[in-house]
Structure formats: structure tokens, C-alpha cells
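The values are calculated or read from the model by the stated rules, or taken from the named source; none is laboratory data. In this text the structure is predicted, and so the values were computed from the model without any measurement. Positions of Cβ are backbone-derived with ideal geometry, glycine not excepted, and every protein chain shown enters the neighbour counts.
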Amino acid sequence: MTAQITSGLISVLLAGAILYLVRRDHLHGSYALWWLAVAGAILLLGVFPPVIDWLGRVTAINYAPILPIGIGIGMILIRMLKMDIDRSRRERQIRRLAQKLAILEQEIVELRGGSAAPGDTSPPPAPAELPRIAGRR
Amino acid sequence: MAEVVRGVIAATGADVLVVSDASEDDTARLARSAGAAVVELPCRLGAWGAAQTGMRYARRHRYTTVLTLDADGQHHPQELPSLLAEQRRTGASVVIGTYSERLSAAKRLASRYFHLLTGIGVQDFTSGLRVYDRHAVRVLASRHASLLDYQDLGVLMLLRKNGLTLRELPTVMSPRSQGGSRVFSSWRMVARYMLHTTVLCFAQIGTGRRARLATTGAAA
């Protein structure tokens with residue numbers, strides 16, 4: 001019974017932390033859904049460990065405790081794959097944005113008709129102009 | 001730098017664009033004073049990221065032909081007219097200026113290996129001295145080309161996948177005036193590059209042949 005209390009406590013803490021983060025809007029859209037599902041699974045397995053034994057019987061795996069560990073590692077791998085896919089997508093976006101930014105900057109220089117270079121070599125615009133350009137204040 | 005820009009203008013009369021890959025020296029100022037338009041990238045995107053910026057600039061400004069050459073003086077602007085003539089003569093989408101005398105043993109071996117792997121028989125596949133036509137520029141300016149790192153086999157495979165034709169033309173080049181080849185500088189870099197490109201080949205293998213079959217099928 002003590003083991004069940006320990007695992008129950010840990011799972012409630014983990015699930016609580018995830019719930020808190022989702023509620024605080026630190027996790028976005030589909031990520032929030034994924035993590036809520038993870039929190040649910042942790043709660044279920046942690047508070048009712050017999051579920052694991054039942055799962056072992058259903059799947060005919062002799063040593064049932066390996067089941068959640070195996071599934072967990074599998075899920076982590078899938079998650080990491082998804083992260084790398086996302087990172088590649090983001091890298092593509094960043095590269096294209098940088099290119100577009102540089103091209104537009106060149107066009108601004110051309111439109112101004114000056115030989116003034118963009119970037120750090122150009123004289124900064126007068127400070128008084130900045131708020132008006134940015135449309136703030 | 002300024003010499004190269006002036007050389008290109010003198011040899012071809014073309015509009016010149018210099019892409020500065022976040023360089024901090026006065027490349028941009030020198031190039032501008034020599035009569036080139038200059039695009040300055042806000043962060044380093046590498047050789048291909050910079051070249052692709054040029055492709056996107058070309059599309060935006062509706063240029064139909066793009067010539068690329070390195071600004072370090074290894075490519076001679078005088079060679080450009082013959083590359084253009086070769087393209088006009090053969091109707092190829094891409095003409096690559098190669099300099100076979102410069103090829104080291106390692107590079108020859110690499111090119112033979114990649115020929116086996118991809119079926120692309122370009123000797124000097126890292127040469128940045130190239131002519132691209134409108135179709136090639138459209139393909140290379142697209143999102144599909146944005147995750148490439150070098151102006152090399154990845155680019156050529158993508159072009160072939162889209163059914164475009166490649167030609168090689170022997171040219172004369174100088175040794176680089178500043179720095180050596182970024183890729184073929186040390187054995188570790190070569191190994192890294194070979195592995196990287198091999199993976200790229202495996203990702204692309206077969207797709208070119210299927211695409212070609214599809215186009216002949218459509219024509220028949």
C-alpha cells in the first residue's frame with residue numbers, strides 16, 4: 001500500500017505540474033493536448049498500479065512493469081522525432097525570413113536613392129522619427 | 001571584390017548583385033561603389049543560403065538568367081560569356097563552369113562516388129561558377145531548396161528531380177586569393193561533408209528517375 005501511495009503522490013505532482021503549465025498557457029495548442037493526455041496516463045497508472053498488471057495480462061507480457069517503461073520510451077522517441085521535424089521546419093522559415101528581410105532592406109536603400117548602406121554602417125534614423133515609423137506612442 | 005564586380009559588368013553588361021553573408025568588413029560598401037546592388041543577410045546562412053538569396057532576388061526582379069560566381073577572385077568574369085553561349089547553344093537549364101586541373105585526388109574520388117550514387121556525372125560538382133535559366137531559378141528559389149547547405153550536389157539533384165538538364169563546360173580558374181575551399185579543407189570536414197551529402201543522396205535517390213519516367217509518360 002505504501003508503494004501505491006508513493007507512486008500516487010508522484011503522479012499527482014507530475015500531472016498537477018502539467019495541468020498548471022497548460023492553464024498558465026505556457027504550452028500551446030496541440031502541445032497542451034499531448035501533455036494533458038500524458039498527465040492523464042500518469043495519473044491513471046500512478047494511482048491505480050493494478051492497471052499495469054491488467055495490461056500485462058491483456059498483452060501477454062510476463063513482466064508487466066516493463067510495459068509502461070517501454071511505451072514511455074517509445075513515446076519519448078516519437079516526441080523527439082516530432083521535435084526535430086519542427087526544428088527543420090523552423091530553420092527553413094528562419095532562413096527564408098532572413099533572405100526576405102535582406103532583400104527588402106536592399107529595396108529600401110534603392111528606393112531612398114542613397115548609397116547609404118543598411119545594417120550597422122548606415123547612420124541610425126533620427127531618434128525622434130522612430131516612434132512615428134513604428135506607430136507607437 | 002570591386003574588381004570582380006567591375007569585371008562582371010565589363011564582360012556581360014549584366015546587373016550585378018552581391019550577397020554579403022553577414023560579413024563585417026566593408027564588402028558591401030566596396031561592391032556598391034563598384035556598381036553592384038548589395039543584399040546583406042542579417043545572419044550567416046552559408047554559401048547556399050546566400051546564393052539562394054540571389055535566386056529569390058532574381059525572381060522578385062523578373063530576371064530570366066542568373067550567373068553565379070564566387071567573389072574571392074577564383075572565378076574569372078571573362079569566362080561568363082562562354083558559359084552563356086554554351087547555355088544558348090545547348091538549351092540546358094544549368095551550365096556549370098568546371099576547372100578539372102584544380103581538382104584534387106580527394107575531390108575526384110568524391111565525384112566518382114557521388115556519380116555512382118546519384119547518376120549525376122558532374123566532375124566539379126562544388127563549382128560555384130554557373131548559369132541558371134528561368135526554370136532552374138524558379139526551382140532553386142522555392143522552399144524545397146531552403147534547407148540545402150552548399151551549392152553542390154543537393155542543388156543538382158533537386159534540379160534533376162524537376163526534369164531540368166545540366167551541362168559542364170571546362171573553364172579556367174585561379175587558386176582562391178583568400179582562404180581555401182570551405183568543404184575540402186581538412187579530412188574531418190571532408191568526412192562530415194561526404195556523410196552529409198550521402199544522406200542527402202539517399203533521401204533523393206530514385207525520385208529523379210521516377211520524375212523522369214513521369215515526364216516521358218506524360219509526353220507519350
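What to note about this one:
- Matching option when the condition is touching a residue at least 12 places away in the same chain (Cβ under 8 Å), assigned to a helix (DSSP H, G or I) and not small (Gly, Ala, Ser), among B:Thr53, B:Thr64: B:Thr53
- Residue match in the range A:45-63 (condition: surrounded by 16 or more Cβ atoms within 10 Å (Cβ to Cβ) and within 19 Å of the chain's Cα centre (by Cα)): no
- Residue match in the range B:76-83 (condition: at pLDDT 90 or above and out of contact with any helix residue (DSSP H, G or I) (no Cβ under 9 Å at 6 or more places or on another chain)): yes
- Residue match in the range B:24-39 (condition: part of a loop (DSSP other than H, G, I, E, B), acidic (Asp, Glu), more than 10 Å from chain A (Cβ to nearest Cβ) and closer than 18 Å to B:His61 by Cα): no
- Members of the range B:121-157 that are touching a residue at least 40 places away in the same chain (Cβ under 8 Å) and more than 15 Å from the chain's Cα centre (by Cα): none
- Pick from the range A:107-129, criterion part of a helix (DSSP H, G or I) and away from every other protein chain (no Cβ under 11 Å), ranking: modelled with the highest pLDDT: A:Ile108
- Residue check, B:Arg182 outside any helix (DSSP H, G or I), within 30 Å of B:Leu80 (Cα to Cα), charged (D, E, K, R) and modelled with pLDDT under 80: yes
- Tally of residues being of a type in the set (Val, Ile, Thr) and within 7 Å of chain B (Cβ to nearest Cβ) across the range A:91-106: 1
- Each residue in the range B:40-53 was checked for being over 11 Å from the mean Cα position of the chain (by Cα) and more than 7 Å from every other protein chain (Cβ to nearest Cβ), and 2 of them qualify.
- In the set (1) of a type outside the set (D, E, K, R); (2) surrounded by 22 or more Cβ atoms within 10 Å (Cβ to Cβ); (3) touching a helix residue (DSSP H, G or I) at 6+ places or on another chain (Cβ under 8 Å); (4) at the interface with another protein chain (Cβ under 10 Å from one of its Cβ atoms), B:Val8 fails one condition alone, (4).
- Test: residue in the range B:100-117 that is modelled with pLDDT of 90 or more and surrounded by fewer than 19 Cβ atoms within 10 Å (Cβ to Cβ): no
- Any chance B:Leu159 is modelled with pLDDT of 85 or more, in contact with a strand residue (DSSP E or B) (Cβ under 9 Å, 6 or more places away or on another chain) and within 23 Å of B:Met55 (Cα to Cα): yes
- Every residue from the range B:190-215 that is part of a helix (DSSP H, G or I), at pLDDT below 75 and out of contact with any Ser or Thr (no Cβ under 9 Å at 6 or more places or on another chain): B:Thr207, B:Arg209, B:Arg210, B:Ala211, B:Arg212, B:Leu213, B:Ala214, B:Thr215
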